[in-house]
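The values are calculated or read from the model by the stated rules, or taken from the named source; none is laboratory data. Since we're looking at a predicted model, the values are computed, not measured. With ideal geometry, Cβ positions are generated from the backbone for all residues, glycine too; neighbour counts draw on all protein chains shown. Note: accessible area is taken over every heavy atom of the protein model, side chains too, but ligands, DNA and RNA are not part of it. Shrake-Rupley method; radii C 1.70, N 1.55, O 1.52, S 1.80 Å.
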Amino acid sequence: MSLINATVDSAIAIAERRRGKIGAEFYAGRGLVIIERAFLAFKTSSWAVVASGFVEPVFYLLAFGFGLGSLIGGVTDGSGHAVSYAAYIAPALLATSAMNGAIYDSTWNVFFKMHFGRLYQTILATSLGTLDVALGEIGWALLRGLTYAIGFMIVMTPLGLIPSWWGILAIPGAVLIAFGFASVGMGITSYLKNFQQMDMVNFFMLPMFLFSGTFYPLSIYPQWLQYVIESLPLWHAIQMERALTLGVVGWGLLGHVLYFVVMIAGGLFFTTKRLSALFLR
Amino acid sequence: MIVAKGLTKKYEDFVAVDGITFSVKRGESFGLLGPNGAGKSTTMRMIASTSQRTSGDLTILGKDPNKFGPEIRAHLGVVPQQDSHDRELKTWENLYIYGRYFGLSRKFLKAKIVELLEFAQLTDKRDTKVSALSGGMQRRLTIARGMVNEPEILMLDEPTTGLDPQARHILWDRLFRLKEEGVTLVITTHYMDEAEQLCDRLIVMDKGKIMAEGAPAELIKKYSSKEVLEVRFGSKNNAEAGQKIAHLGDRIETLPDRILVYSEDGEKILKQIHKMGLEPQTSLVRRSSLEDVFLRLTGRTLVD
Ligand SMILES: Nc1ncnc2c1ncn2[C@@H]1O[C@H](COP(=O)(O)OP(=O)(O)O)[C@@H](O)[C@H]1O
Ligand SMILES: [Mg+2]
């Protein structure tokens, strides 16, 4: 059989490189191959689904930003400067599309793989670990999020909707947002058992999109409701992206970043734990 | 290579594997023979480091699977009971990505895939979606896939269940070749002919426990006689006839559809039955098999 293994590393040599490293029992350090698998499968997937992730925020921008915006005129940003309505909602739509893309990939896609086709069982019979699977799936979601974010920026910038150079950072910002939502999304999905429970995710997502300061400032709400919304992830995402594209940068940004770092860490922890419980029990 | 001591697996309160002790040596072909629900797959999954044992000791290549899961799995080729191909991918892509899961290089895999497609006789199905392959083809692909990392131990869980006889023989032939190349095989089956053909040594399992252990010929010698006479008197009369001929041979087993008489010389027994004035509808003298061993040990047949 082995005519050709003289010059290449064997599977054993590759696996043994991680011996003694922390987490070697659930992490092989090779989550990238899960992204490679996703790409192979993606080549045959429907382009309509892919395109919709890009087109959706653009449509919102046209309908609300320019359509509704022409009636409204302008709004003021966090530090009292007047901005056009379109420039006000554009970063919110960017944050939202990062969230939606990440949630779609990490919930529906992952749910199908978990319950049909035994893909994860198959992967976990190789020398990969559960954290590789979690990181790989989330990494794929990020890659898509990144592509959408760049695409959206390419549309927004010539329209004059990104007045500040800080706006460039809105792209890594979108990736951070996608990472946070994908981690938590996959974590939650790994605990869900049926489609009814999956629908609950959507039930939560839509109002969060509409009411998180996406289309108007929170100040119109009573104080208690403002507190509630300020505890939700999308609000942090929108605040962060808006501060960047409008160039209203302050230390408060770090608070939003920290919020997402916690989401990422928590999501990964529970996903890894749950995958082990499900497929390595 | 594999050492299990008092290996136990419980699912909640249900004991699927009940304190089994065995070991597998390098280069040998080791079998787990037992009926459905005996705990074979559960044992295989614990060895494959994809299922954690409840208690007992288990080492694979000297390592504890609880601590070295990914590392141990790099040494193993796993053929699960159920085919589980990536349905979104083509035949060759399935082999390719599985090799990538082990971290193998693209260059290595390119050549390896050609070799494995040949081995599995799937070269002309290279670009077919796996969902369009027949059952036998999918099974062969699973086995080829299990070999992509050039494993030292190949774990085959019921490799030929659901295949037609011709496909089975092709597979057996492939497995013989692997064994000749020095690959250690661990095979579960509920077919006694498969166990006899493929296994150097085996354990007979039932209800999570080991009933016997040894080489197929050894087990037959120990638990059965040289020959077996099978006689049928019709399902209504078997029980009564069984009582009449109970004194013949070394031992008899009365099953609903036939009576088995164990002895050194089946023809002689058949003559004695005729002499008693009994006329069986059909009669057959054959050599003892593992089926008889299982029947002796548990009072039940392997395949029901
Ligand atoms: N994941 C599981 N959860 C609960 N019970 C299980 C599980 N897997 C197997 N069992 C039970 O354990 C017993 C042994 O199963 P298995 O190892 O698949 O047997 P075999 O492969 O010999 O047919 C069966 O009774 C089966 O129902
Ligand atoms: Mg089984």
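Points worth noting:
- In order along the range B:15-23, the phi-based Karplus estimate (6.51 cos²θ - 1.76 cosθ + 1.60, θ = phi - 60°) of 3J(HN,Hα) comes to 8, 7, 10, 10, x, 8, 10, 6, 9 Hz; Gly and Pro are listed as x.
- Furthest towards positive pole of dipole, B:Leu7, A:Pro57, A:Leu232, structure part the protein assembly as shown, Cβ charges: B:Leu7
- Cα centroid of the range A:49-111 to Cα centroid of the range B:235-274, whole Å: 84 Å
- Potential extension, A:Met208-A:Ala51 segment - 0.36 nm per residue separation minus Cα distance: 54.2 nm
- Cα gyration tensor category, rounded, prolate or oblate, for the range A:129-257 with a/c compared to 1.5: oblate
- Cα gyration tensor, chain B - rounded (a/c under 1.5), prolate or oblate: prolate
- GNM flexibility winner over chain A from A:Gly31, A:Gly117, A:Gly129 (Cα, springs under 10 Å): A:Gly117
- Residue-level accessible surface for B:Thr21, protein heavy atoms, 1.4 Å, Å²: 80 Å²
- Pairs exceeding 22 Å between alpha-carbon atoms, taken from A:Lys21/A:Lys273; A:Lys113/A:Lys273; A:Lys21/B:Lys112: A:Lys21/B:Lys112.
- Of the GluC sites (Glu not before Pro) found in the range B:236-295, those in coil by DSSP whose Cβ has at most 16 other Cβ atoms within 10 Å are B:Glu264.
- Spatial separation of Cα centroids for the range A:198-232 and the range B:83-153, in angstrom: 48 Å
- The figure for A:His115 is an accessible area of roughly 80 square angstrom, using a 1.4 Å probe on the protein chains alone.
- Working note: Karplus 6.51/-1.76/1.60 with θ = phi - 60° gives the range A:153-169 the couplings 4, 5, 6, 6, 4, x, 7, x, 8, 10, x, 10, 5, 4, x, 3, 5 Hz, where Gly and Pro are set to x.
- Rounded if a/c under 1.5, otherwise prolate or oblate - the range B:80-193, Cα gyration tensor axes: oblate
- Longest DSSP-loop-exposure-free segment, chymotrypsin sites (Phe, Trp or Tyr not before Pro), chain A, at most 12 other Cβ within 10 Å: A:1-115
- Of all the options B:Leu117, B:Leu248, B:Leu202, the one that moves most in a Gaussian network model of chain B with Cα springs shorter than 10 angstrom is B:Leu248.
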